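S.K.: To start, I am sharing the structure in question, which I have written as structure tokens.
Nothing in this text is a laboratory measurement; each read-out follows from the coordinates by a stated rule. Note that the structure is predicted; figures quoted are calculated from it, not measured. Note: ideal-geometry Cβ built from the backbone for every residue, glycine included; neighbour counts use all protein chains shown.
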Amino acid sequence: MTAPIQIPESVHALLSPSKAHMWLACLGALGAAKGLPQRPPSRYAAEGTAYHDVARRALVEGKDCSAYIGDRYEVEGFKFTVDAENAELAQVYVDAIRAIPGKRFVEVDLEYSGLLGLPKLSNTGQPVAAGTGDCVTIDYENHVIHSDDLKFGKGDVVYASVLRTDGSGLRDPNAQLALYAAAAVERYELLGIEDDWMVKMAIHQPRANGGHYDSFMMTVRDLKAWTAAQKLAANRAYTLWTFGPERVEVGDLTPGEKQCRWCPLSGNCKAQTNQVLSRFPVSSAAAPPSLVTLDDMQLTEALDHADAIEQWLSALRAEALSRALNGHVLPNWKLVEGRRGNRNLNTEGRLQVDATVRAELGIEEPEDPSELTNLEVKDAIDFALGKAAYKPQELLTVAKLQKPLEKRAPQLWALLQQHITQADGKPSLERMEDPRPPMADMRPEFPIAAPGVSSLL
Ligand code: SF4
């Protein structure tokens, strides 16, 4: 058996593109969190790295991702074997990239420290502002430079642009994508890219929402202007990082849902806590005194903060648990043993079974009844319970059956369509940024009065 493909841990830049939403929005975050332990490597992130490599190899070697099924990877201590389901998902990205015309560069080192007026390396030797772009394609015919980013996670759906908060309805590029794209423009500009070309930034997230894709376009000129506009913030963030936590003040911190979410200081940050606690009163001054329930505006105001409050609470709980585990005595709180894990049966083990157990299981007696019978745990349970010991056999889901059936029995798959039903999606309240169109009017024929309104009728 060949050794697994090892992907060494990459050195992250200080002002890394993946954290741009944090350091551009909260200028003191890097400085305040300097020296804090980083989040431990996660299996999900490591799996994403492995399938990025599968996609890279497919693009570079001109193969499909299925060619790598069975390959083993080791990433940050986690081991994976490339499987058909995930290879197929990585292939969705590979197919989309192959459909883009032009000259393609895969896994490109992209450096944007010069664009932001920052040094290349910090005084500790760490890269300051750089990253690896998944794919850059220069389409000379249509005058478009493409910067594509593969995300293999499915929890957080990532969009290529964000709605401005000034009420203009305009959108800005996702900062991570924009920094990659700006660095790509700079790197390849001498190949003939002009300011009036378009830049297309795209997110491919094949595991999210049944296959999520989002893109955003702007001119090279506008992207350069956007990048130049980030210089001041980037320099302040870098300077505050050089100062370190002792010299960062609460006024340097700007809490917000996006930036606080993965910040190492979250749950232990005064600015974040002050902001969350100040949010609980909900426009009480504007409410007519006789109403005790929220009107739509007040409800929306509270709802706007729901994600941030939930994130803050979970980060606060994590910080408190970590302090308690480190010996801090927290008034009114104590450490207890939580719920125990599920019991696991080691079915690989063996049992020495005597005559009494043999009789119970109906196993034939050996010539010498005092002899012990050596049985695998699994076989012993099988003797005792037969089929009742096993989970019932179940068909795979339609989503998992589709590909193999389409390949092996396309006629049957066509016939099966009449037996496949799909429930409509339940109404879900989402922020306006969500790209799905709004649902049709869902009001009941005979409207129900909103709480608090009946008293006014
Ligand atoms: S928790 Fe939020 S406010 Fe505090 S440093 Fe981090 S990003 Fe800034």
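S.K.: Shape of the stretch 5-235 from its Cα gyration tensor (a ≥ b ≥ c, root eigenvalues): rounded if a/c is under 1.5, otherwise prolate when a/b > b/c, or oblate?
M.R.: Oblate.
S.K.: Let me ask you something else. With a cut-off of at most 12 other beta carbons within 10 Å, and DSSP calling the residue loop, which GluC sites (Glu not before Pro) in the stretch 140-232 qualify? Please list them.
M.R.: 141, 194
S.K.: Return the calculated 222 nm mean residue ellipticity for the chain, to the nearest 500 deg cm²/dmol, obtained by summing -39500 (n - 2.57) across DSSP H runs with n ≥ 4 and dividing by the residue count. Mind showing how you got there, number by number?
M.R.: Numbers: 15 runs with 156 residues, N = 457.
Calculated mean residue ellipticity at 222 nm is -10000 deg cm²/dmol.
S.K.: How would you order 19-29, 414-424 from highest to lowest mean count of nearby Cβ atoms within 10 Å?
M.R.: 19-29, 414-424
S.K.: List the trypsin sites (Lys or Arg not before Pro) within the stretch 103-182 that DSSP assigns to loop and that have no more than 12 neighbouring Cβ atoms inside 10 Å.
M.R.: Passing both the DSSP loop test and the Cβ count: 120, 164.
S.K.: Okay, next question. With r as the distance between the Cβ atoms of residue 342 and residue 76 and R0 = 35 Å, compute the FRET efficiency 1/(1 + (r/R0)^6) and round to 0.05.
M.R.: Efficiency, rounded to the nearest 0.05: 0.85.
S.K.: Another question, if that's okay. Tally Lys and Arg at +1 and Asp and Glu at -1 over the other residues with C-beta under 15 Å from the C-beta of residue 31: what net charge comes out?
M.R.: Result for the neighbourhood of residue 31: +2.
S.K.: Starting from 0.36 nm per residue, how many nanometres of slack lie between residue 355 and residue 143 once their C-alpha separation is accounted for?
M.R.: Numbers: separation 212, 0.36 × 212 = 76.32 nm, distance 8.30 nm.
That pair, residue 355 and residue 143, stretches by 68.0 nm at full extension.
S.K.: Check the straight Cα-Cα distances from residue 387 and name the lysines below 28 Å, setting aside those fewer than 8 residues away within the same chain.
M.R.: Residue 387 reaches 378, 400.
S.K.: I've got another one for you. Compute the length gained on full extension between residue 123 and residue 440: take 0.36 nm times their separation in residues and subtract their Cα-Cα distance, giving the result in nm to one decimal.
M.R.: Taking 0.36 nm per residue and subtracting the Cα distance, the gain is 108.4 nm.
S.K.: Once you order the gyration tensor axes a ≥ b ≥ c over the Cα atoms, which shape class does the stretch 108-209 get: rounded for a/c under 1.5, otherwise prolate or oblate by comparing a/b with b/c?
M.R.: rounded
S.K.: Using Cα pairs under 8 angstrom and six or more residues apart, how large is the relative contact order of the chain, in percent?
M.R.: Relative contact order for the chain comes out at 14 percent.
S.K.: Now for a different question. Subtracting the Cα-Cα distance from 0.36 nm times the residue separation, let me have the gained length for residue 166 to residue 420 in nm, one decimal.
M.R.: My answer for the length gained is 86.9 nm.
S.K.: Let me ask you something else. Once each part is reduced to its C-alpha centroid, what is the distance from the stretch 413-428 to the stretch 103-161 in angstrom?
M.R.: Their Cα centres are 39 Å away from one another.
S.K.: Binning every alpha carbon pair distance of the stretch 316-429 at 10 Å from zero, what are the percents per bin?
M.R.: Binned Cα distances yield the sequence 9, 18, 12, 16, 23, 17, 4, 0.
S.K.: Can you tell me which aspartates and glutamates have their Cα less than 20 Å from the Cα of residue 391? Leave out same-chain residues fewer than eight positions away.
M.R.: Qualifying aspartates and glutamates at Cα under 20 Å: 348, 376, 379, 382.
S.K.: At 7 Å along the Cα-to-beta-carbon direction for both residue 330 and residue 297, put a label point, then send me their distance in nm to one decimal.
M.R.: 3.8 nm
S.K.: When only DSSP loop residues count, what GluC sites (Glu not before Pro) in the stretch 381-433 have their Cβ near at most 15 other Cβ atoms within 10 Å?
M.R.: In loop regions of the stretch 381-433 (DSSP not H, G, I, E or B), the sparsely surrounded GluC sites (Glu not before Pro) are 394, 430, 433.
S.K.: Taking only Cα atoms, what is the 0 to 90° angle, nearest 10, from helix 175-188's long axis to the longest principal axis of the chain?
M.R.: Helix 175-188 sits at roughly 70 degrees to that axis.
S.K.: On to the next question. So how tilted is helix 398-408 from the main axis of the chain? Cα-based, degrees 0 to 90, rounded to 10.
M.R.: Taking Cα atoms only, the helix is inclined about 70 degrees.
S.K.: Additional query: Rounded to whole Å, give me the distance from the Cα center of the stretch 16-58 to that of the stretch 336-366.
M.R.: Answer, in whole Å: 45.
S.K.: What per residue convex hull volume, in Å³, comes out for the chain when only alpha-carbon positions are used?
M.R.: 302 Å³
S.K.: Calculate the dipole size of the chain relative to its Cα centre from +1 charges on Lys and Arg beta carbons and -1 charges on Asp and Glu beta carbons; express the result in debye to the nearest 20.
M.R.: Computed about the Cα centre, the dipole is about 1040 debye.
S.K.: Quick one: net charge of residue 202's neighbours, Cβ under 9 Å, K/R +1, D/E -1?
M.R.: That sum, taken over residues with Cβ under 9 Å, equals -2.
S.K.: Let me ask something additional. Tally Lys/Arg at +1 and Asp/Glu at -1 over every other residue whose Cβ is under 10 Å from the Cβ of residue 5; what's the total?
M.R.: Residues near residue 5 contribute -1 overall.
S.K.: If you don't mind, another one. Compute the acute angle (0 to 90°) between the alpha-carbon long axis of helix 306-325 and the principal axis of greatest extent of the alpha-carbon atoms of the chain; round to the nearest 10°.
M.R.: Result, in degrees: 60.
S.K.: Sticking with this structure for a sec: Enumerate the residues in the stretch 168-184 having an amide nitrogen under 15 Å from the point lying 7 Å beyond the Cα of residue 304 toward its Cβ.
M.R.: 168-169
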